[in-house]
Structures are given as structure tokens and as C-alpha cells.
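Just so you know, all these numbers are worked out from the coordinates, no wet-lab data involved. What you are looking at is a predicted structure, and each value in this text was computed from that prediction instead of being measured. Ideal geometry is used to build each Cβ from the backbone, glycine not excepted, and the neighbour counts take in all protein chains shown.
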Amino acid sequence: MTDFPEIVELNVGGVFYTTSLETLTSQPDSQLTALFNGREPITKDSKGRYFLDRDGVLFRYVLDYLRDGTIVLPDCFREKERLKREAEKYGLPGLAEAISERIKQPGVITVGYRGSFQFGKDGLADVKFRKLSRILVCGRVALCRDVFGETLNESRDPDHGQSERYTSRFFLKHSFLEQAFDNLIEQGFKLVGSCGSGTAGSAAELKPGVDVEENRWNHYNEFVFVRE
């Protein structure tokens, strides 16, 4: 047995950490416990810090798991496969399993919107020329929730306890088309197709506040995103 200090300074792949010996040995069957109770040898760097030749940036999530027994990852975290490999190398099956559950599954999401072109005075195009009434989201319920999070409005299709079902009734709480696209791209989706259609304005009497010229330029567009 080797005596280790209660507060341990680490050099993990060139990234420095300070943590407690209790945290490092919190999982009895892990490689870290074997290193820090003397069962396996460990080296030091030139400054006397214990050295681990692993990914230093990802080690912060390993430490979080050792401290709390849970893992919280950023919304746009794209290195789950690498983090899973680190968990396996450290002998942390619980962490590896938690990450596996978060690795993105393939799927398709369709985003559509109804809109019109908004004009200013005397027929001049307004700066906010694209007027969206609502951005619609179609796809598997669990997938839509994973991608859009709190921006997803489910009021038209309340939860029936079946997250694997499909729906065409979700819409977003905002009207920024590019924000919806950013969400999809950050989650690894790619645009594979789109279509659009225009409709002639109704000759019937318009609702108060609806511009005659604007009503002539109604349109509907759909965009199909795929994650393989």
C-alpha cells in the first residue's frame, strides 16, 4: 500500500485537476481506485502531480460522475463515443452505460412553416419581410423532444405516455426558422430535401388588420432533416 494525500493533484493528458482521494476511489472496482490505493503503479510528472495518459478535457465528466454518481452533459456535446471509451478505460461501467443511453439514434424530422411576405408602406418591402405564423415539427416524439428541448410546444398533442410514437402536431414556441435549423445541425442532422408551395389570396373579405397585398403571397414550406 502506498500513502496518498487526501487532496490529490493530477495531470491528465496535460490538463491539471485537483480533487480528493475519496472522490478518486469512490468506485471500488475502477482502475482509478486500483491506482490510488496502491494496487497498480502510477507515475508523476516533473511537478510531482500524478500523471494519467488519457484525454484531459473529457476527464472533467469522469470526475463529475465520481463525485455525484450521475452525468450531466452540455446540450450540444458531440463526443459521447469518446467519453464512453474513456469510461470503459477507467473501469466505470455505470458511466459507460449512462453515455450509451444518450448516444444519438438515427431518425427523421420534418420542419414546416406557413408564412407570408410582409410589406411596408407604399409597397416597399419591410425589413421583417418574412412573416411566419408557426413552425411545425413532425417526427418521433422522443426524437423531437431531444432536439428541441424546452422550445418544443406540445400543447396540441399532449403526452400519452408513449415516447416512441410519432406525431405531426408539435410546433415551436418561437418563430425563428434559423434557430430551428441550428438545433437540428447541432444534433447531427442534415437537410436532405425541401419543398414549397404558394397560394393565391382569398377573394373573400379579409380579417381586420390583414393587408391585401400580403394576403396574395401566402406560402407553405417543408424541410426534411435526417440523422443517420
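Shown is the FRET efficiency for VAL108 and GLU178, computed with R0 = 22 Å from the Cβ-Cβ distance and rounded to the nearest 0.05: 0.60.
Rg then Dmax, both in Å and based on the Cα atoms of segment 7-100: 12.7, 38. Among PHE223, PHE171, sorting on how many other beta-carbon atoms sit within 10 Å of each Cβ, with the fewest leading, yields PHE223, PHE171. Residues whose amide H lies under 5 Å from that of LEU136, counting only those 5 or more places away or on a different chain, are GLY112, TYR113, ARG114; hydrogens are built 1.01 Å from N in the peptide plane.
Take the cross-link list LYS80/LYS190; LYS89/LYS190; LYS80/LYS131; LYS44/LYS104; LYS44/LYS89 and give me the ones stretching past 27 Å between alpha-carbons. In this structure, LYS89/LYS190; LYS80/LYS131; LYS44/LYS104 lie more than 27 Å apart at Cα. The phi torsions of segment 60-74, fed into the Karplus equation with coefficients 6.51, -1.76 and 1.60 and a -60° offset, translate into couplings of 4, 6, 5, 4, 4, 5, 5, 6, 10, x, 9, 10, 10, 10, x Hz, rounded to whole numbers, with Gly and Pro shown as x.
Taking 0.36 nm per residue of separation and subtracting the Cα-Cα distance, full extension of the segment from ALA34 to LYS190 would add 51.8 nm. For LEU52, the residues whose modelled amide H falls within less than 5 Å of its own, excluding neighbours fewer than 5 places apart on the same chain, are ASN11, VAL12, GLY13.
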